[in-house]
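Novice: Got a structure for you, written out below as structure tokens; questions coming shortly.
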Amino acid sequence: MAESAASHSSYTELTPLAAPVAEPKPEKFVLFLLSDLSMMTLAATIEPMRSLNRLLNRTAYVWTLASLNGGPVATSNGIGMETMQVDAALEGADYLFVCGGSRVDHGEKPAHLAFLRKAARSGRAIGALSTGSYLLARAGLLTGYRCTIHWESRPAFKEDFPLLDCTNNLFEIDRNRLTCSGGTAAMDLMLFLIEQKHGRELAGAVANQFHHERIREGHAAQLGGTLQSFERLPSGLQTIIKNMLDNIEDPLKMPELATKIELSVRQLQRLFLQFTGMTPHRYYVKIRLQQARELLLYSDRSIIEVAVSTGFTSTSHFATSYKRIFGIRPSETRQQRHM
């Protein structure tokens, strides 16, 4: 019988090779640096992205340092960061973050505001780190959005933008607006974004690279100033202190506060002495003076306006109380903002 033609074939049929799988397009962050920015916040934003790239052995994130006109930008510790011009940097970017620092320049910066408004019209996500929230607020880009800012700047921010919903949380993500209180909270924000994109396990692995034992959620409160030991206090005392914080300009009387948790004034005094070492009245005055200090440092309000907005009807009483707590006069604190 004749052999089939197939048996004499001079070639071997090969299975087609599968097409190589393309790597996902990296997400691009443009970090818009303001002068005197916090290097701590900047590093806490970049390092989680770098670490994830290393763990994945591919480029999942890219980032670019930018400023309005390009060139070096000085950080708060004096180290200069080289940047590229922001319009050029923004091409193909997924996120634009305004990076602020310890000082707030209360000038309007028309060119900065115009650029941010233009960038927002593209629909890309826009965020702010630390006092960068001021610039977004001045540009009108936080109207109708939840936002946050570093606790030191929050009293002045709320005075300047009373209609904005500024929380005391570590970070806020409201649709395509992302704001962060700065410092290590920037790492928590980035870890949250990594978890959303790459899963909890990888986010945890990145956190472990920095001995960041607990990834804090955005709604966790900043524990600065008065709130440093707030979480360790009894719930009733927390309720009273929250009422104090909500009534700075028109302080509540002690009987009003005591009724909030159904205690007598004497019981309230014993509770404060036990857990804070001071009377509720003194504690309240200290809260108001701490807010006054932050307004002196981070707002343009006159000393008289600061005194009134923190519940003091007499500037002499304000100055005396302030010096008793901080050891210097309000005018001396105001001078520190220029140092």
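The values are calculated or read from the model by the stated rules, or taken from the named source; none is laboratory data. Please read these numbers as outputs of a predicted model, since none were measured by experiment. Here Cβ is always computed from backbone atoms with ideal geometry, including for glycine, and neighbour counts include all displayed protein chains.
Novice: Please go through the range 60-86 and pick out each residue that is in contact with a Lys or Arg (Cβ under 9 Å, 6 or more places away or on another chain) and under 21 Å from Leu178 (Cβ atoms).
Specialist: Across the range 60-86, the qualifying residues are Ala60, Tyr61, Val62, Trp63, Thr64, Leu68.
Novice: Select, from Leu31, Leu52, the only residue that is farther than 12 Å from Val206 by Cβ, under 22 Å from the mean Cα position of the chain (by Cα) and assigned by TED's automatic domain parsing to the domain that holds Thr184.
Specialist: Checking each option against the conditions leaves just Leu31.
Novice: Working only within the range 31-80, note down all residues that are within 19 Å of Ser133 (Cβ to Cβ), touching a Gly at 6+ places or on another chain (Cβ under 6 Å) and not in a helix (DSSP H, G or I).
Specialist: Within the range 31-80, Leu34, Asp36, Leu37, Ser38, Ser76 qualify.
Novice: Here is a follow-up. Look at Asp87 and say whether it is among the charged types (D, E, K, R), surrounded by fewer than 22 Cβ atoms within 10 Å (Cβ to Cβ), without any contact (Cβ under 8 Å) to a residue 40 or more places away in the chain and outside the structural domain of Gln291 (by TED's automatic domain parsing).
Specialist: Judged against the criteria, Asp87 is a match.
Novice: For Leu227, are the conditions met, namely being surrounded by 14 or more Cβ atoms within 10 Å (Cβ to Cβ), in a helix (DSSP H, G or I) and at pLDDT 90 or above?
Specialist: Taking the combined requirement at face value, the residue does not satisfy it.
So that you can scan it fast, the table gives a plain yes or no per residue for (1) in contact with a strand residue (DSSP E or B) (Cβ under 9 Å, 6 or more places away or on another chain); (2) surrounded by 23 or more Cβ atoms within 10 Å (Cβ to Cβ); (3) in the same structural domain as Asn243 (by TED's automatic domain parsing); (4) modelled with pLDDT of 90 or more:
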{"position": "Thr276", "(1), (2), (3), (4)": "no, no, yes, no"}
{"position": "His281", "(1), (2), (3), (4)": "no, no, yes, yes"}
{"position": "Tyr284", "(1), (2), (3), (4)": "no, yes, yes, yes"}
{"position": "Leu289", "(1), (2), (3), (4)": "no, no, yes, yes"}
{"position": "Leu297", "(1), (2), (3), (4)": "no, no, yes, no"}
{"position": "Ile304", "(1), (2), (3), (4)": "no, no, yes, yes"}
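Novice: Right, next: Name the helices (runs of 4 or more DSSP H) wholly within the range 93-212 that hold at least 3 residues that are under 26 Å from Glu27 (Cβ atoms) and touching a Leu at 6+ places or on another chain (Cβ under 9 Å)?
Specialist: The helices (runs of 4 or more DSSP H) meeting that bar are 110-120, 132-138, 185-198, 200-209.
Novice: What residue, of Leu191, Leu202, is in the same structural domain as Pro155 (by TED's automatic domain parsing), at pLDDT 85 or above and either among the polar types (S, T, N, Q) or crowded, with 21+ Cβ neighbours inside 10 Å (or both)?
Specialist: Result: Leu191 is the single residue among Leu191, Leu202 that is in the same structural domain as Pro155 (by TED's automatic domain parsing), at pLDDT 85 or above and either among the polar types (S, T, N, Q) or crowded, with 21+ Cβ neighbours inside 10 Å (or both).
Novice: For Arg329, only one of the following conditions fails: (1) under 24 Å from Lys158 (Cβ atoms); (2) touching a Phe, Trp or Tyr at 6+ places or on another chain (Cβ under 9 Å); (3) not aliphatic (A, V, I, L, M). What is its number?
Specialist: It is condition (1) that Arg329 fails.
Novice: Tell me, please, whether a residue that is polar (S, T, N, Q), at pLDDT below 90 and under 21 Å from Trp63 (Cα atoms) can be found in the range 153-167.
Specialist: No, there is no match, as no residue in the range 153-167 is polar (S, T, N, Q), at pLDDT below 90 and under 21 Å from Trp63 (Cα atoms).
Novice: If you don't mind, another one. So, of the residues in the range 81-92 that are of a type in the set (D, E, K, R) and not in a helix (DSSP H, G or I), which turns out to be modelled with the highest pLDDT?
Specialist: Filtering first and then ranking leaves Glu82.
Novice: Among the residues of the range 306-328, which ones are crowded, with 18+ Cβ neighbours inside 10 Å, without any contact (Cβ under 8 Å) to a residue 60 or more places away in the chain and of a type in the set (Val, Ile, Thr)?
Specialist: Hit for the range 306-328 is Val306, nothing else.
Novice: With respect to Asp250, is the statement that it is outside any helix (DSSP H, G or I) and within 24 Å of the chain's Cα centre (by Cα) true?
Specialist: no
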